[in-house]
Amino acid sequence: MSWICSPDVAEAHAHPPSRLFCRILPWGTTLRVWDVFFFEGPPFILRTALAIVRIVRDSLMDARAVPGHGEALQLLLHPGPHSQLSVQHVIEW
């Protein structure tokens, strides 16, 4: 199943929402996010994004670790240890 999020398939795929959170969250968490999205609808995508921000908020607020906008964006795109991005942390917020 990992072929779905491979760079070649993701680059060639014309519908960007289909790869939402694909490169940010671990694979199992991404699958669960999509399961809940199909059940609850679009508002769940916002809840997921806010959960990711909540998980990295301490790092985002640290001026030494994130001195500018570019670093903040990199932190959001690559949040760090996948243990923090487990299904429990992201879904059950």
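The values are calculated or read from the model by the stated rules, or taken from the named source; none is laboratory data. Predicted model only: the values in this text are computed from it and were never measured. Glycine also receives a Cβ, built like all others from the backbone with ideal geometry; neighbour counts cover every protein chain displayed.
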- Note on the structure: Condition set over 15 Å from LEU25 (Cα atoms) and among the basic types (Lys, Arg), scope the stretch 46-77, selection nearest to the chain's Cα centre (by Cα): answer is ARG57
- Query: Do we have GLY28 as at pLDDT 70 or above, out of contact with any helix residue (DSSP H, G or I) (no Cβ under 9 Å at 6 or more places or on another chain), within 15 Å of ILE91 (Cα to Cα) and of a type outside the set (Val, Ile, Thr) here?
  - Reply: no
- Quickly run through the stretch 34-93 and pick out the residues that are part of a helix (DSSP H, G or I), of a type in the set (S, T, N, Q), surrounded by 11 or more Cβ atoms within 10 Å (Cβ to Cβ) and at pLDDT below 85. SER59, GLN74, GLN84
